[in-house]
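K.L.:
Mind having a look at this structure? Questions to follow.
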């Protein structure tokens, strides 16, 4: 009987995760085509804490404008859709990155100021201005190559976490956090005020390397949790 109750409780937690994730960051863009192509990477950041110029990644890009224009980005700056910036999950803030639309060979250089996209199958979220420059506003997504040009001073810790949910209700986040902490040891809640209310993000880790975080994400994915590996900031 105890085992049945535990299983029912865990199923309820999973349902709350799937519902709560919908409260996270949304983009009003088209879905990436289902081509079977997986993001690929090369260069100096595959396993490491430090990103070097020449690091290259291939996958799908999306873009975001309103209603995020004027709200705080993850690095603390106010997001301006008319500037050449982008969101990336693991590249350090301040990295200058060349993004090439592989469908028309148009390129733009952007600065990483935000975290995202929190959508499976996408590797970078461009500002409206950047998306316009590589002619992907209409389609909403495009297959791109991301190449790091420079990184400056990398103040990020080099540690990584796995985000498994973002909720508007703290009690929902706490239930998931406690469940994961009991089984994985490290799980915490990060409050994020993006300008339209606080989101409570549940994260597991940290791990000292990107490869370690990806292994953890694979374990959590086996539990049908939505997983996103994110670089931590100091």
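Values in this text are rule-based calculations from the coordinates and carry no lab data. In this text the structure is predicted, and so the values were computed from the model without any measurement. With ideal geometry, Cβ positions are generated from the backbone for all residues, glycine too; neighbour counts draw on all protein chains shown.
K.L.:
Please give the peptides 176-188, 85-97, 203-215 ranked by average Cβ packing (other Cβ atoms within 10 Å per residue), highest first, as a rough proxy for protection.
P.N.:
Result, highest mean first: 85-97, 203-215, 176-188.
K.L.:
Tell me, in nm to one decimal, what length is gained between residue 191 and residue 215 on full extension, where the rule is 0.36 nm per residue of separation less the Cα-Cα distance?
P.N.:
Gain on stretching residue 191 to residue 215: 6.1 nm.
K.L.:
Another question, then. Would you mind estimating how fast the range 46-150 diffuses translationally, via Stokes-Einstein at 25 °C and 0.890 mPa s with the Kirkwood radius over Cα pairs, in µm²/s?
P.N.:
184 µm²/s
K.L.:
If I model a spin label as a point 7 Å beyond the Cα along the Cα-Cβ vector, how far apart are those points for residue 84 and residue 52 in nm?
P.N.:
For residue 84 paired with residue 52, the spin-label model returns 2.6 nm.
K.L.:
Working only with C-alpha atoms, what are the Rg and Dmax values of the range 81-234, expressed in angstrom?
P.N.:
Gyration radius and largest Cα-Cα distance of the range 81-234: 16.6, 49 Å.
K.L.:
I would also like to ask the following. Taking a point 7 angstrom from the Cα of residue 232 along the C-beta vector, which residues in the range 184-213 have backbone N less than 13 Å away?
P.N.:
Only 186-190, 203-210, 213 pass the distance filter.
K.L.:
Still on this structure, I have one more. Whole number please: convex hull volume per residue, Cα atoms of the range 157-231, in Å³.
P.N.:
Normalising the Cα hull of the range 157-231 by residue number yields 81 Å³.
K.L.:
While we're here: Hull surface divided by four, with the convex hull built on the Cα atoms of the range 72-117: how many nm²?
P.N.:
Over every viewing direction, the Cα hull of the range 72-117 projects on average to 3.4 nm².
K.L.:
So, in nm, how far is label residue 183 from label residue 170 when the simple model puts each one 7 Å beyond its Cα toward the Cβ?
P.N.:
2.6 nm
K.L.:
So, R0 is 35 Å and r is the distance between the beta-carbons of residue 66 and residue 224; what FRET efficiency does that work out to, to 0.05?
P.N.:
It comes out at approximately 0.60.
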